[in-house]
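So the structure is just underneath, and the comments pick up after that.
Values in this text are rule-based calculations from the coordinates and carry no lab data. Please read all numbers here as calculations on a predicted model, not as lab measurements. Every residue, glycine as well, gets a Cβ built from its backbone with ideal geometry; the counts of neighbours run over all protein chains shown.
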Amino acid sequence: PTPVIVAIDGPSGTGKSSTSKAVAAQLGLSYLDTGAQYRAITWWMVSNGIDIDDPAAIAAAAGKPEIVSGTDPQGPTITVDGVDVAGPIRTQEVTSKVSAVSAVSDVRARITELQRTIAASAQDGIVVEGRDIGTTVLPDADLKIFLTASPEARAARRSGEVKGSDVHSTREALIKRDAADSSRKTSPLAKAGDAVEVDTTELTLAQVIECVVTLVEEKR
Ligand code: C5P
């Protein structure tokens, strides 16, 4: 089959990662978690003492770290300057700072270029998940999915994933991050005009996966 490019966007806690990985694995496609890339560059900024409240400082450093993503859906990897950062990029500190870093346009330009290179070199096709994949990174994707869910469902799913977190504070942090991601000037979180919206509130993960797999197969 010809390579198929699938863009999956939406706010946090909608099941983007679980869905994207499973769909890619089931269909033999590569998988790219673009949120992990923004988290990785944020981790590097924090580790190198860059002031997160200073967009000029972030822009000046944006080209320094080398970020490499492994695209096997069975075991995606992420390194910064050769260091495995899969664990450290999931801390609350990185999570609370990633929106500020990813709002800087020099950061987005750099990461977007990386994403396009990875997508273009995926032989059998790729599932790319993020916030601006359908609108900005891969506007010519064969299929665009926009996942949504109620804030309650999203917070419940996220706090189930993060050890020691309660639903209430997770909900507040999630709403704050989505508001920042949706209101930034450079390629905000948005549904592409030609994206298929899937509301996952009342669906199981298996149902969402099946729905997306069917949509991809129709395009192939
Ligand atoms: O998907 P995840 O929650 O790991 O994404 C972390 C953050 O990375 C988002 O809150 C957003 O600030 C940023 N991001 C982005 N564009 C993308 C993917 C993620 O700005 N395509």
- Message: To check you understand DSSP bridge types, tell me what percent of the beta bridges within the range 4-219 (both residues inside) are antiparallel, rounded to 5.
- Response: 25
- Ranking of 145, 175, 126 by count of other Cβ atoms within 10 Å, fewest first: 175, 126, 145
- Item | Tensor-based shape of the range 168-211 (alpha-carbon gyration tensor, a/c under 1.5 rounded, otherwise prolate or oblate) | oblate
- How would you rank 2-13, 49-60, highest first, on the average number of other Cβ atoms within 10 Å across their residues? 2-13, 49-60
- Item | Helix-only mean residue ellipticity at 222 nm for the chain, each DSSP H run of n ≥ 4 adding -39500 (n - 2.57), per residue, nearest 500 | -15000 deg cm²/dmol
- Item | Size descriptor, Kirkwood hydrodynamic radius, that averages inverse alpha-carbon separations across the range 4-219, Å | 17.4
- Surrounding charge for residue 215, neighbours by C-beta under 13 angstrom, Lys/Arg +1, Asp/Glu -1, total -3
- Item | Net charge dipole size for the chain [Lys, Arg +1 and Asp, Glu -1 on Cβ; Debye, nearest 20] | 260
- Message: Let me check I've understood the local charge: for residue 96, count other residues with C-beta under 10 angstrom from its C-beta, Lys and Arg +1, Asp and Glu -1. What total comes out?
- Response: +2
- Task: Give me the aspartates and glutamates in straight-line cross-link reach of residue 64: C-alpha distance below 20 Å, same-chain residues under 8 apart excluded.
- Result: 51, 53, 54, 81, 84, 106, 113
- Under 15 Å from the Cα of residue 176 - aspartates and glutamates, other chains or at least 8 residues apart: 93, 152
- Message: If I stretch the segment between residue 165 and residue 25 completely, what's the gain in nm (0.36 nm per residue apart, minus their alpha carbon distance), one decimal?
- Response: 47.4 nm
- Which residues' amide hydrogens lie under 5 Å from the amide hydrogen of residue 186, considering only partners 5 or more residues apart or on another chain, with H built in the peptide plane? none
